[in-house]
Amino acid sequence: MGLRAAVLGASGGIGAALVAQLATDPAIERVYAGSRRGGTAGGPVQPFRFDLRDAGSIAAAATQIGKEGAVDLVFVATGMLHRAGGPAPEKSFRAIDGAAMAELFQVNAIGPAVIARHFLPLLARDRRAVFAALSARVGSIADNRLGGWHSYRASKAALNMLIANFAIELRRTHPQAIVAALHPGTVDTGLSAPFQRGVPVARLFSPETSARHLRKVLDALRPEDSGGLFAWDGERLPY
Ligand SMILES: NC(=O)c1ccc[n+]([C@@H]2O[C@H](COP(=O)([O-])OP(=O)(O)OC[C@H]3O[C@@H](n4cnc5c(N)ncnc54)[C@H](OP(=O)(O)O)[C@@H]3O)[C@@H](O)[C@H]2O)c1
């Protein structure tokens, strides 16, 4: 029996690259690819629709996927740093806007928590299974030297805490499961596009390169790593 994976955020730069790679992996039997727009089915890829701001859409997707059996990998590839006409990273506390901050928390922390609420129960109990969410190194409180980007940093720190919490809780029912937050590196996507100046070319990954690195990291994680934040090169980052 092949492995079954669900990617939420399949329309994103990193999410799309991951879906494409999983789809050509002979070990993978099914890839559920979730996004706001949906998509077309092909090969092992089965698209579904969800919106992070709509818990009902997440619950419905999980119910549908769960009917076909347990899942080996749930990968949350959604996230937000800025939106045209909406939130933008704050350089100072003077730029803080409650509504913009709430939007980032909704997308970066609350949405993934609601996904966990409905998708953690789908993880296989009788074998290794992974729930991973794209976080960011800048969400590490211990690693914070530059400051700024208040809402993004704080929402990712909240996500990291949720991941640590879910790992503790899941250990009781799913001893072989791993829950992890991931830092994908600086990746050439719409999210990072306005902020790539000054990033050395060798440090700006294509989405394909980042997805390849992240898959290696996922493959190497053990149950005792559960709850941690891991960079693209496998380094465990401090919270
Ligand atoms: N790129 C980097 O350098 C970098 C660095 C560190 C961390 N990360 C993290 O990596 C993750 C993916 O980033 P990316 O670079 O691939 O960005 P991206 O290309 O902008 O992708 C973001 C994804 O989030 C989805 N999304 C946003 N709001 C949503 C909502 N309400 N409901 C459902 N989906 C929603 C987008 O869907 P739509 O297509 O429908 O908008 C898209 O699939 C993010 O969590 C980001 O913080 C990225």
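Read-outs throughout are calculated quantities, based only on the coordinates presented, and are distinct from any laboratory measurement. Being a predicted model, the structure only gives us computed values, none of them experimental. All Cβ positions, even for glycine, are placed from backbone atoms using ideal geometry, and neighbour counts span all protein chains on display.
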Would you mind ranking 93, 75, 48 so that the residue whose beta carbon has the fewest other beta carbons within 10 Å leads the list?
93, 48, 75
Cβ under 12 Å from residue 144's Cβ, residue 144 left aside: what net charge do those residues give with Lys, Arg +1 and Asp, Glu -1?
+3
Length-normalised contact order for the range 151-239 - Cα pairs under 8 Å, 6+ apart - percent
37 percent
Which shape class applies to the range 134-239: rounded if a/c is under 1.5, otherwise prolate when a/b exceeds b/c and oblate if not, where a ≥ b ≥ c are the square roots of the Cα gyration tensor eigenvalues?
oblate
Once the Cα atoms of the range 1-133 are picked out, what are the Rg and Dmax in Å?
15.9, 55
What order do you get for 68, 224 when you list them from fewest to most C-beta neighbours inside 10 Å?
224, 68
Reference-scaled alpha-carbon Rg (2.2 N^0.38 Å with N residues) for the range 51-120
1.36
Placing +1 on the Cβ of each Lys and Arg and -1 on the Cβ of each Asp and Glu in the chain, which of 18, 231, 155 has its Cα farthest towards the positive end of the resulting dipole?
155
Give me the percent of DSSP beta bridges within the range 1-98 that run antiparallel, rounded to the nearest 5.
5 percent
So how strong a dipole does the range 49-150 carry about its Cα centre when Lys and Arg Cβ are +1 and Asp and Glu Cβ are -1, to the nearest 20 debye?
160 debye
Per DSSP H run of at least 4 residues, take -39500 (n - 2.57); add these up for the chain, divide by its residues and hand me the 222 nm value, nearest 500 deg cm²/dmol.
-10500 deg cm²/dmol
Any aspartates and glutamates whose Cα falls less than 20 Å from that of residue 216, other than same-chain ones fewer than 8 residues away, would be 25, 29, 72, 188, 208, 224, 225, 233, 235
How many percent of Cα pairs in the chain exceed 25 Å?
37 percent
Under the 7 Å Cα-to-Cβ spin-label approximation, residue 97 and residue 21 lie apart by a distance in nanometres of 3.6 nm
Please report the antiparallel percentage of DSSP beta bridges with both residues in the chain, rounded to the nearest 5.
10 percent
In debye, nearest 20: dipole of the chain around its Cα centre with unit charges on the Cβ of K, R (+) and D, E (-)?
180 debye
Under 19 Å between alpha carbons, and skipping anything fewer than 8 positions from residue 91 in its own chain: which lysines qualify?
156
Quick one: dipole size for the range 1-89, taken about the Cα centre, charges +1 on Lys/Arg Cβ and -1 on Asp/Glu Cβ, in debye to the nearest 20.
280 debye
Using a Förster distance of 45 Å, the FRET efficiency for residue 60-residue 161 (Cβ separation, nearest 0.05)
0.95
Looking at the range 98-174, which trypsin sites (Lys or Arg not before Pro) are DSSP coil and have at most 13 other C-beta atoms within 10 Å of their C-beta?
125, 127, 145
Dividing the alpha-carbon radius of gyration of the range 179-232 by 2.2 N^0.38 Å (N being the number of residues), what value is obtained?
1.26
Counting alpha carbon pairs within less than 8 Å and at least 6 residues apart, what relative contact order, in whole percent, applies to the chain?
19 percent
